[in-house]
Amino acid sequence: MANGAAQIEIDSVHKSYVDVGVDLTALEGISLSVRAGEFVCLLGPSGCGKTTLLNCIAGFVRPTSGTILLNGEPVQGPGADRGVVFQEHGLLPWYTVAQNIGLGPRIRNVSAAEIDEAVRTYVALVGLDGFERRFPAQLSGGMKQRVGIARALANRPEALLMDEPFGALDAQTRQTMQEELLKIWERERKTIVFVTHSIPEAIYLADRIIVMSPRPGRIQAIVPVEIPRIRDRTSAEFGTLYREIEDLLKQHR
Ligand code: ADP
Ligand code: MG
């Protein structure tokens with residue numbers, strides 16, 4: 001069913017924006033290898049370049065220098081091999097849940113039967129059975145994000161790139177969505193690059209946490225999370241890692 005998972009190789013990526021004549025270095029010297037099937041979180045305060053880095057991987061933003069390889073091939077622009085999920089769900093309001101999920105395959109001229117199959121598969125995977133004919137305005141925030149994830153997966157990408165996808169959800173829904181996302185990841189075995197500024201979210205989800213610091217955006221530390229899943233948010237080891245990362249982030253306040 002699923003395609004493979006992408007191996008992502010980021011080498012010496014530098015990105016500066018020229019804004020009202022001023023040169024702003026958003027990313028400096030970013031090098032990172034993400035294994036096929038790995039779940040990494042980019043963690044750091046606002047302005048440290050998380051979105052810029054994700055957008056470089058997605059192909060929406062071109063690095064000023066440095067390279068990004070996806071399974072050995074340079075990223076030249078956006079592609080169906082990478083599914084992107086944003087904080088604002090970005091659904092088309094005049095399309096139903098099913099139509100939104102089928103949009104990518106339809107644009108790529110996939111056959112109607114295959115579109116139906118993809119929609120059925122991913123509606124079920126994200127737990128939206130029975131909601132196929134609803135419109136986005138008729139859904140809760142968590143449900144909209146489920147549609148966003150299903151829509152990204154319907155293209156059968158090799159990587160999911162997620163930019164604070166649960167940032168606008170209430171605490172309870174956010175935890176539920178984190179649990180669901182891990183189940184989806186275990187089923188689909190995609191590579192996931194997940195941006196967050198929440199320490200507990202990163203610890204709950206990631207194989208490795210890429211801690212970033214601002215001005216200019218750099219990788220400050222890479223923290224492997226060795227706690228077995230499903231992780232207990234109230235455990236002592238969770239708390240210890242939380243404080244360790246909090247201390248790292250404080251160094252740049
Ligand atoms: P984060 O997602 O971690 O909050 P961003 O990648 O959005 O960080 O931004 C990193 C830095 O680059 C910030 O200082 C931001 O103001 C700047 N920046 C981001 N996008 C642009 C842009 N299109 N033009 C100019 N500056 C930008
Ligand atoms: Mg951002």
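Considering the stretch 177-253, the qualifying strands (runs of 3 or more DSSP E), each wholly inside and each with 3 or more residues that are under 22 Å from Glu88 (Cα atoms) and of a type in the set (A, V, I, L, M, F, W, C), run over 191-196. Of all residues in the stretch 112-140, those being in a helix (DSSP H, G or I) and open to solvent by 40 Å² or more (accessible area, probe 1.4 Å) number 9.
Specify the residue that is most open to solvent (accessible area, probe 1.4 Å); the eligible residues are those in the stretch 155-164 that are modelled with pLDDT of 95 or more and touching a helix residue (DSSP H, G or I) at 6+ places or on another chain (Cβ under 7 Å). For the stretch 155-164, the residue satisfying everything is Asp163.
In the stretch 48-71, the residues that are farther than 14 Å from Thr25 by Cβ and without any contact (Cβ under 8 Å) to a residue 24 or more places away in the chain reach residues that are more than 8 Å from ligand 1 (Cβ to nearest atom) and small (Gly, Ala, Ser) with C-beta atoms within less than 7 angstrom, at least six apart or across chains, in these pairs: Gly59/Gly77; Gly59/Gly79. You will find that of Val123, Val119, Val85, Val75, the residue that is among the β-branched types (Val, Ile, Thr), touching a residue at least 24 places away in the same chain (Cβ under 8 Å) and within 17 Å of Leu54 (Cβ to Cβ) is Val85 and no other.
Taken over the stretch 43-65, residues that are among the hydrophobic types (A, V, I, L, M, F, W, C), within 13 Å of ligand 2 (Cβ to nearest atom) and closer than 20 Å to Gly79 by Cβ amount to 6. For the condition surrounded by fewer than 18 Cβ atoms within 10 Å (Cβ to Cβ) and either modelled with pLDDT under 95 or not basic (Lys, Arg) (or both), Ile68 does not qualify. Take the conditions (1) open to solvent by 20 Å² or more (accessible area, probe 1.4 Å); (2) aliphatic (A, V, I, L, M); (3) in contact (Cβ under 8 Å) with a residue 40 or more places away in the chain; (4) near ligand 1 (Cβ under 8 Å from one of its atoms); Val18 misses just one of them, which is (3). Kindly check whether there is at least one residue in the stretch 79-94 that is open to solvent by less than 20 Å² (accessible area, probe 1.4 Å), at pLDDT 95 or above and within 16 Å of ligand 1 (Cβ to nearest atom). For the stretch 79-94, residues open to solvent by less than 20 Å² (accessible area, probe 1.4 Å), at pLDDT 95 or above and within 16 Å of ligand 1 (Cβ to nearest atom): present. A count restricted to the stretch 171-187 and to residues that are open to solvent by less than 20 Å² (accessible area, probe 1.4 Å) and in contact with a Lys or Arg (Cβ under 9 Å, 6 or more places away or on another chain) stands at 3.
The values are calculated or read from the model by the stated rules, or taken from the named source; none is laboratory data. Keep in mind the model is a prediction, meaning the values are calculated, not measured. Counting neighbours? That spans all protein chains shown, and the Cβs are built from the backbone with ideal geometry, glycine included. Calculation scope for accessible area: heavy atoms of the full protein, side chains included, ligands and nucleic acids excluded. Shrake-Rupley method; radii C 1.70, N 1.55, O 1.52, S 1.80 Å.
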